[in-house]
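Working notes, beginning with the structure itself.
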Amino acid sequence: MEEVFGRKQGTSTNISLINQLKELENKIRLGYPAVEIGVATFGQWEAIPKVIWEDIARKARINKIDLSLHAPVSVEGQLSTAQFPIISGIEFKGQAALISESSKKKVSQELKEILDTAANLGKIYGENIKVTMHVTSGLGETIWSKEYEDHLKDYLRKNNEKFEDLKKKLLDLGIINKEEYQKIKDPEDLPSWVYAVSSGITIEVPGGHALINIEDIRDRRYITQRLESLREKLGTEKFEETIVDRIYNLNEDYWNKFFIDINRAFYLITRDVTNIEKTFPFKQDYLAGEFLTYLKSLKDKLNILSNSIDTYLYHVKEKGKIDNIKHTLELYNKINDLKSKIENFEKNLFNLYEKYKSLTDYDLRKEFRNLLNESKVLEEVRDLVSGNGRIVLNLALEEMNKNKVPVIKPFQEVALSSAVDVVKRGIEAFLEDVKKDKEKFERIEEIFPKLLFEHIYPEDIGSRPDMLIKFIDKSRKALIETLEKYPEIKEKIIKKYGNLEKFSDEIIGVTLDIAHLKLFERYGYSKEDILQWERKLKPYIKHIHVSESKGGMDTHIPLGMEGDEIIKAEIEELKDLLAKEGISVIHEAGGWYTGRFYEELGSEYSYFIYKTLPYNLYSISDIYSQSFLPTYYENIYFSGMPTVFDYTTGFLALPLDLGSRRERQEQSSY
């Protein structure tokens, strides 16, 4: 098999085929030393029987194959265009995208199932199975521009006041902490999404985070206009509002409106109470139905007030500031108590109205006065908006203003934080199962799957190294926190690894895809930019995907067919890493499958060995393309085959090292 700096390349299977055992057998026959098994959807993953997975592990071990898995690459259901995992738990509600609790639960459960599969394979294979997972939202919510990024960095270096202002806003928004704030000395140290032309923005709502500018990020006209506006300022001292400024200003607008709504609600309640006291019960021709209308209006305004404070309490509770707002809680409880009394009074008045509504000449004033005096509703409403109530209101407003929290944040940060939560939940659910499985428990330190996260497209979350590294570090911390809940499992791991930090560093890392990294060239980024990012990721890399991309598209062309200089440079940069044990190089010739080349030209193996594209006899033979093993339970496995088929149609199609007499041509330049 073709080598990359002395290391033989492995390969990935065709993810569109559910029969991954047959795929593995084909790769073994072709002589690949490493094989990455994967399917397109989670439904396909679950459709593979346990015995097939076990045979995959068994065959890999017997044939000394470096076995790894690739989690399903697409999600079925509410977000069919998304990638799996870690998608943070995103679903669509009408035209809005929502990072929801329900969807996070669904994805974490799917992650748990994948970990279970990998651990079961590990029991047979005898090692920790590597599982690659995409880090993506599937929304493509970030647009970049090299010229804009360079201009903005240059502007910030020349304008320290604006640089410090951006840092302070990031701190106020809760994006960075005080320690991180002190470490930012240069614009290069700011989060990469700060330099995006456009990126997703979320607002915190009960049940999750809603993407509020989804139409903007999908509207290419908006992106074009934004780029034109930015280009007008390139090379000038004019400054364009950054994403940080926009998010900060949106938060200011949100809270300004919040306080305006509260003050307006109090004003309207005061006005209504005054009108009621002046009008009733002194109005001679009064009808009870009119007062019900008054009450409904009053209750609606109290609901606005209550809902506003309820939303505020939701935000501060999430940020752990609930202990600092005692006057706000006092006001909130008083409003809800008053709402309850009004509802009771309303019910009693309605019953009275129903009882006497047919008696047109009946005077309700006496009965109404009795109800009013008993309930003391108007007195309590008056107390709420004047005197001591007004003092409590002012104290509460002062508290809320002092303890207001950012509710509008960058999608990149929110989605990756949510993804860490998905990872943590998935691991915890997996460990709960491990406790119940004696064999898994006894061998957990050697079968715990390795979670390797792969960056996808430039437009997606975690596509830039700083964000991916931030996600990896937080996921490692989440793993350690989860293991602390399982003392017996923790003890076994520490016995082998020495400490949990070393274990988490070994188990969670990065799958580098050199073709994905190269996709940034479509936004004007250079070879040196890409290599610089690759260097930053190096300490985290545990698995490598190689192929070639073309025209800024994820084409997965087989390595060497384009001879691209950036791809060559990326591989050269990895030379020292490839010398380490445990690093797999997986050739992802997906374009060979999606382009249907394999149907006429056979395996991509032929190109690596012979550097030609011959029409191979075996590639057009239906018999050769079938498996040689016993059938299993479903017709989809080995359909059309006898129970046992011992031989192929000949030896000519075999690899050189297994008997073919065809001569090898020159080696690739890689």
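Taking θ as phi - 60° and the Karplus parameters 6.51, -1.76 and 1.60, the scalar couplings of region 530-538 work out to 5, 5, 5, 5, 4, 5, 5, 7, 3 Hz in sequence order, x denoting glycine and proline. Could you please report the charge total around Glu149, scoring K, R as +1 and D, E as -1 over all other residues with beta-carbon less than 11 angstrom from its beta-carbon? Combined, the nearby Lys, Arg, Asp and Glu give -2. The packing ranking of peptides 123-130, 246-253, 464-471, highest mean first, is 464-471, 123-130, 246-253, where packing means the average number of other beta carbon atoms within 10 angstrom of each residue. With the simple model of a label 7 Å out from the Cα in the direction of the Cβ, Asp473 to Asn401 spans 3.7 nm. Here the Karplus relation 6.51 cos²θ - 1.76 cosθ + 1.60, evaluated at θ = phi - 60°, turns the backbone of region 464-470 into coupling constants of 8, x, 4, 6, 5, 5, 4 Hz, with x for every Gly and Pro.
Over 27 Å between C-alpha atoms is what I'm after, so list which of Lys326/Lys477; Lys8/Lys440; Lys178/Lys334; Lys27/Lys50 land there. From Lys326/Lys477; Lys8/Lys440; Lys178/Lys334; Lys27/Lys50, over 27 Å: Lys326/Lys477; Lys8/Lys440; Lys178/Lys334. Phi-derived couplings, Karplus 6.51 cos²θ - 1.76 cosθ + 1.60 at θ = phi - 60°, listed residue by residue for region 301-308: 6, 5, 5, 4, 5, 5, 5, 4 Hz, with x used for Gly and Pro. For Gly38, the residues whose modelled amide H falls within less than 5 Å of its own, excluding neighbours fewer than 5 places apart on the same chain, are Thr13, His70. Annotation: amide H-H contacts under 5 Å for Asp66 (H modelled 1.01 Å from N, sequence separation of 5 or more, or interchain): Ala34, Val35.
Values in this text are rule-based calculations from the coordinates and carry no lab data. Here the structure is a predicted model, which is why all the values come from computation and not from measurement. Cβ atoms come from the backbone with ideal geometry, glycine included; neighbour counts cover every protein chain shown.
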